[in-house]
Each structure stands twice: as C-alpha cells, then as structure tokens.
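The values are calculated or read from the model by the stated rules, or taken from the named source; none is laboratory data. The model shown is predicted, which means the values in this text are computed figures rather than measured ones. With ideal geometry, Cβ positions are generated from the backbone for all residues, glycine too; neighbour counts draw on all protein chains shown.
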Amino acid sequence: MSNLIAQTCTYDEKWLKMTNQKRVAPYDAETRRRAAKILATGVGHRALATALEIPEATARQWARAFAVGGAAAVTNAGSTHRIYPFELKLSVVRDRLENGLSVRDVMIKYGVPSESSVKTWCRQYRVRGEEALIDRPRGRKPRSQQDGDASEGSAE
C-alpha cells in the first residue's frame, strides 16, 4: 500500500510541475526556416520529415501550409489569430463535403493555411449545420455591459 501512495505522490508532483510550466513551442524558428527552405525545393512531406527528423504528421501540416501561404505560413504559423467570414467557411465546408475536394485542395483554393480549421468547420457543420459556422463573441462580456445587467436586476 505504501508503494501505491509513493506512486501517487510522484504522479501528483509531476502533474503540478507540468501545469505550472508555460507551454513551449515544439519547434524553434530555425527549424521552421529550414523546413520552408526544404519545401521550396519541391520535396514532399516524407522527405521533409526525414531531413528534419520530425513526425510525418507535422511535416504534412507544414507542407500543406506551405502550399497555401508559402514560407510565411510555415515560419509564422500560429502567430496571428485570423477570423474568417461565415461565407468563406460555408464555401470551404461545401466544397469539402458536397463536392469531395480534399482538405489540401480547399486550403489552397480559399487560402486557409490551417488544416485544423478546415477539419473543425466540417465537424461543426456536420453536427449543427450552417449555424455552427457563425462567429459568436467569446469570453466575458465587457465590464460596462456586466454592470448594466447587474443594475437592471437590482431595480426590480
């Protein structure tokens, strides 16, 4: 029994260490620059994965992003959060699901460098329809609206 307690404490300590650390980008800027340079020569994602010793899934994502936005899409990945209009999302989803285009093809056609965005929009569309693609405000309401709501409730 004491061994189980020791293992639990070790696990809890590891969990605390993991949750208190900031998430570090897995690939530094130099690795991404090298990837862009290699992709510019026209090689595929498997050759890229071998050359940089990275997982094929990562190399495939970078190759797709490169096909859409060039070197900047690989080197600056995730540095800016883009919000896409409803009409573009709907067109992407329809081309993907109804017209049978591949993820890569719709990424290139509509200039969406993120494979995960395309997949997320398709998944949301399948579950909730077009309404799922409408942008909704996220996060807390601005302070002025919160105060106004509280004062209305106290006036009753």
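Structure notes:
- Pair list, Cβ under 7 Å, 6 or more apart: the range 38-63 residue over 15 Å from Ser116 (Cβ atoms), other residue modelled with pLDDT under 90 and surrounded by fewer than 17 Cβ atoms within 10 Å (Cβ to Cβ): Ala40/Ala71
Rundown of residues vs (1) closer than 21 Å to Ala71 by Cβ; (2) modelled with pLDDT under 90; (3) assigned by TED's automatic domain parsing to the domain that holds Gly70, yes/no style:
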| residue | (1), (2), (3) |
| --- | --- |
| Ser102 | no, no, no |
| Ile108 | yes, yes, no |
| Gly111 | yes, yes, no |
| Ser114 | yes, yes, no |
| Lys119 | no, no, no |
| Arg123 | no, no, no |
| Arg126 | no, no, no |
| Glu131 | no, no, no |
| Lys141 | no, yes, no |
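- Restricting attention to the range 57-91, the residues that are in a helix (DSSP H, G or I), crowded, with 17+ Cβ neighbours inside 10 Å and among the hydrophobic types (A, V, I, L, M, F, W, C) total 8.
- Any chance Ser116 is in a helix (DSSP H, G or I) and closer than 29 Å to Thr31 by Cβ: yes
- Counting only residues that are in a helix (DSSP H, G or I) and either at pLDDT 55 or above or touching a Gly at 6+ places or on another chain (Cβ under 6 Å) (or both), the range 14-56 holds 21 of them.
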